[in-house]
Structures are given as structure tokens and as C-alpha cells.
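Take a look at the structure set out below.
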Amino acid sequence: MIELIVQFWTNTGYYLADYRHIIMLAVGLVFIYLGTAKKYEPLLLVPIGFGVLVGNIPFFKGFGLGIYEPNSVLHYLYFGVTTGLYPSIVFLGLGAMMDFSSLLARPKLMLLGAAAQIGIFFTLLSALALGFLPKEAASIAIIGGADGPTSIFLTAKLAPHLIGPIAIAAYSYMALIPVIQPPIMRLLTTEEERRIHMSEPREVSKRERIIFPVAAVILCCFLAPASIPLLGSLFFGNFLKECGVVERLAQTARTAIIDIATIFLGFTVGASTQGDVFLTPKSVGIFCLGAVAFSIATASGILFAKIMNLFSKEKINPLLGAAGVSAVPGSAREVHLVGLKADPTNYLLMHAMACNSSGVIGSAIAAGVLWSFMV
Amino acid sequence: MLGLEAIAAHNGWAMALVGALIVFTGLILLSLAVSQIHKVLQLWDKRGSSLRPKKSGGAGAGPPKITLSPEAKIAAKQVKLLIERIGEPFSLPKLLELSQKAGLARSHGKVNELVDAGLIVPDGKGAFSWNQPVFETNVINS
């Protein structure tokens, strides 16, 4: 009987735990704390944080329990991540939620969405210089787009062994937008620039909003066909919303479908951070490069807006450049708040959403381009 | 291999440059296309209307009758004075700012009510103007 008890004890998590599990459990708890108590991106951090806890409970290898063990339940759920299925579904829901009116009213703000993607390509160079292989470097670089689903999608295609750290880095920086972006915005803009008022956008007709997803999917996907899984879903979701004849489908896409995908995406990405796989020097490098990528993306958007101001009659508030990253709607909200602090009558949210939505399109194109370069 | 040598060995410079160029090209093409959609639609509509016989204005044509609360009518008179000060066309944030400074209570709500009532109308280019005929029919002469 004692032998049985000893055997049971050696199979428990208490016996099998080592320092890596403890570190990762602490990380999971921090995520849950930030999501629930501080309300930092709770829709992302709560499922990821809980996934980190579940993924880092030590278990006896060979039972078919872990996410990396074939035939385990977690492994099947993780299938949606490794195939790029969940990101595509998330984009469908995102499209059904997004309103491109402000973008249609002022299309030149799309350039800020393009400028913010410079962070991606700068990080590509940095990662290569640090010794990462090209496919790994491309996967790390896409963190600069500040788009979790896009980062996961590209990493699943190019460097599946890095999904855990890259997804955690991407989502962490998305959650930390209120901490990372405002200092960069204040550093690169003057008080006077932050006070620039944007004129009211023109009214956009329903027909324009219906034509946009059709025109956009054709134009963008012809240019970068590798972005079809993301942009195809995004614009299809948006067409469902705007065409007005399939409201039931649009409603399902923006509620049940995106919620289900977000739950499984967050939970399984969290669970993929098993201490023995996750806590490596590479992960530390990825986290550092991710921060650089995100900061450069923010800075390049702001600087590009300032350059545009040199040549255009109507001045753009350079804060809008920071919303060129595709963290919807976090970065737009942050731009709005920084603008309001400089001038309480300056409402930038609508304009920032234009940059934000073009950032989503830009980062998906960038992901497609990087994928096609590596094939 | 590390540093610039690694970037050059993996064709990193070219990938970064071409990649950034493609992203810019994609979004520039899209913004150009998007900026033309409403113009194409306007042309399409004009083509349709030029083929139809023009309708002559009916005897009953005039500003529409709307129902405004007494508070909204007072607000309309106050906002009208503010608009005279800032000139037309005007931006909505500027009008809101001025109404707050002028002490108009619940300025956001009231300006919104005037927009809904058709007293403040968008000019289609991002600015707004005052609808004097609707104001005269529904506020002054009511």
C-alpha cells in the first residue's frame, strides 16, 4: 500500500514541479491579475493567463495530457492555432465589428497605417542581426504590427516552435499599450501638435461602405495573395455587416464566432507556454525584440504624420500615427486620451480608428508578404 | 553569424525594403481607390438622373415640419447666435467647444438634438451649416 501511495505521490504535480513551472505559474497569475483587477485587455489576458496556469501544471509525461502530446484534448484544441484557423476566424468577427466609415471619409490616413508597419521590417533586420533564422525573424518581426491573431498566424506558418513566446509577447504588448505608447507619443510630439484639431470627416454613404470590402479584398489580395486567409475573412465579415441583408450572420460573426475563437485561441496559446519549452534564452530575445518592434511601429507612425504635415495644407494631428499599429481599438483609445489631455475639446477617436483599421489591413499585408518571401 | 553580416547573408536588406514598399503600395492603391468611390457613385447617380425627366417643384414644397421641444427651441436660438459668431461652414467640435464656453447646459445632447432635427446639416465635406429655412418654419414661425 505504501508503494502505491509513493507511486501516486511521484505522479503528482507537487512532486514533479520545478522552478520553471513556478515561474510560469507566477506569470499566469500576473496575467489574470492584470486582466481582472486592472482590466487591462481582459478578453485576452484572462483566457491566456488561465491557459498559462493549466499548461504549467506538471504532469507525468506520456499520459496524453500536455498540449504537445499527440491525442491530448489540449493538442486537438491547439490545432486551431497551429493551422492558423483561429486567427482567420477572429478576423471574420473583427470585420463584422469594424466600421470603416472614418477611413472612407479620409483615405489619406491609411498612409499612417502603412507607416506604422515599418516597425515590422526594422525588427526583421534586428532579429536577423541577432542570429535568428529568417523564418524565425519574420515571425518575431510581425509582433511590431501589434496584432495578436496576425502574429500567431504567421508564426504558425513559419516557425511553429515559437508560437508560445511570440503570441505571449504580442498579446502582452497589446495589453500594455497604455503603458508603452503614451511616453513615445509625448516624446515625439509637441504640446502644440497634440492640440491640432482634425476637421469633421465627410458623411459616408451606405453604398460606399458596401463597395469598400469588395474593392479592398480584390486590391489587397491581388497584391499579396498570402494574406487571403486574414484579409479574406476580415473583408467578408465586414461585407456581412454592411450589406444589410444577412444581419443574422453578421451578428453571429461578431458575437458567438469571435468569442469562441478568442476563448480557444487565448486558452491554448497560454497553455502552450510550458516552462520547459517556453523559458529559453530565445524567448527572452523575442520579448526584447517585440518591445523594440512595437515602440518603433508607434514612433514611425508619429514621425510619418509629421512628415505628411510638411507637405499637406490640412495638418494632421501626429498622435494619429501611433494608432497606425493594428491593436484595435486599444491604440486608438490611447491616442484619443493623450489628445484629450492636451486639449479637452480635441476628439481624435474617430480619426484614430481610421488609422487603426488601416493598421489591421497593413499588418495582414505585411504578414502575407513575409510569408511569401520565406516560402 | 551575427550583425550586418547575418542580415546581408539572409538577404535581409532587400526583404525589408521590398516588404515595406509592398505594404505602402497596397495601402496607397487602396486609399486611391477608396477616395474615388464616392465620386464614381456621384457620376453614376447623375447619369441616372439626367436620363429621367426633371420633376417640377410642387406647390407644397418647403421646409419640413418637425416637432421640437420648448427647450430645444430655446437651444436652437442660442446655438444660432453662436454659429453667427463662428461663421459657416463650421466644425461640430468647435461649435461644442463654444457652446460649453457659453454655458449652454447639456451642450452635447442639445447639439445632437439639433443635428437630428435637421437644423444643423452636414455639407458633405466634413463641415456643417445652419438650416435657416427649417429654423424659420419650425422655431421662429411656430
Worksheet item: Are any of the residues in segment B:64-76 among the polar types (S, T, N, Q), touching a helix residue (DSSP H, G or I) at 6+ places or on another chain (Cβ under 9 Å) and more than 14 Å from chain A (Cβ to nearest Cβ)?
Response: yes
Worksheet item: Of the residues that make up segment A:348-362, is at least one more than 14 Å from the chain's Cα centre (by Cα) and surrounded by fewer than 20 Cβ atoms within 10 Å (Cβ to Cβ)?
Response: yes
Response to the item:
Of the listed residues (A:Leu154, A:Leu176, A:Leu188), the one being under 22 Å from B:Ala16 (Cα atoms) and out of contact with any Asp or Glu (no Cβ under 8 Å at 6 or more places or on another chain) is A:Leu154
Item to complete: Would you mind finding the one in A:Gly113, A:Gly131 that is modelled with pLDDT under 95, surrounded by fewer than 20 Cβ atoms within 10 Å (Cβ to Cβ) and not acidic (Asp, Glu)?
Response: A:Gly131
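Per-residue answers, yes or no, for (1) under 22 Å from the mean Cα position of the chain (by Cα); (2) surrounded by fewer than 17 Cβ atoms within 10 Å (Cβ to Cβ); (3) in a helix (DSSP H, G or I):
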{"site": "A:Phe267", "(1), (2), (3)": "yes, no, yes"}
{"site": "A:Gly270", "(1), (2), (3)": "yes, no, yes"}
{"site": "A:Val284", "(1), (2), (3)": "yes, yes, yes"}
{"site": "A:Cys288", "(1), (2), (3)": "yes, yes, yes"}
{"site": "A:Val292", "(1), (2), (3)": "yes, no, yes"}
{"site": "A:Ala297", "(1), (2), (3)": "yes, no, yes"}
{"site": "A:Ile302", "(1), (2), (3)": "yes, no, yes"}
{"site": "A:Met308", "(1), (2), (3)": "no, no, yes"}
{"site": "A:Lys315", "(1), (2), (3)": "no, yes, no"}
Practice prompt. Mind telling me which of the residues A:Arg207, A:Arg202, A:Arg186 ends up being in contact with a His (Cβ under 9 Å, 6 or more places away or on another chain) and part of a helix (DSSP H, G or I)?
Written response: A:Arg207
Practice prompt. Scan segment A:206-217 for residues that are over 21 Å from the mean Cα position of the chain (by Cα), without any contact (Cβ under 8 Å) to a residue 60 or more places away in the chain and more than 9 Å from every other protein chain (Cβ to nearest Cβ) and jot them down.
Written response: A:Lys206, A:Ile210, A:Val214
Fill in: From the options A:Ile302, A:Ile361, A:Ile316, A:Ile365, residue that is in contact (Cβ under 8 Å) with a residue 24 or more places away in the chain and more than 14 Å from chain B (Cβ to nearest Cβ)
A:Ile302
Worksheet item: Got at least one residue in segment B:5-13 being at the interface with chain A (Cβ under 7 Å from one of its Cβ atoms), closer than 30 Å to A:Ala354 by Cα, surrounded by 14 or more Cβ atoms within 10 Å (Cβ to Cβ) and of a type outside the set (A, V, I, L, M)?
Response: no
Fill in: Residues of segment A:338-358 satisfying the condition of being more than 9 Å from chain B (Cβ to nearest Cβ) and polar (S, T, N, Q)
A:Asn356, A:Ser357
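The values are calculated or read from the model by the stated rules, or taken from the named source; none is laboratory data. Just so you know, these numbers come straight off a predicted model, no measurement behind them. Here Cβ is always computed from backbone atoms with ideal geometry, including for glycine, and neighbour counts include all displayed protein chains.
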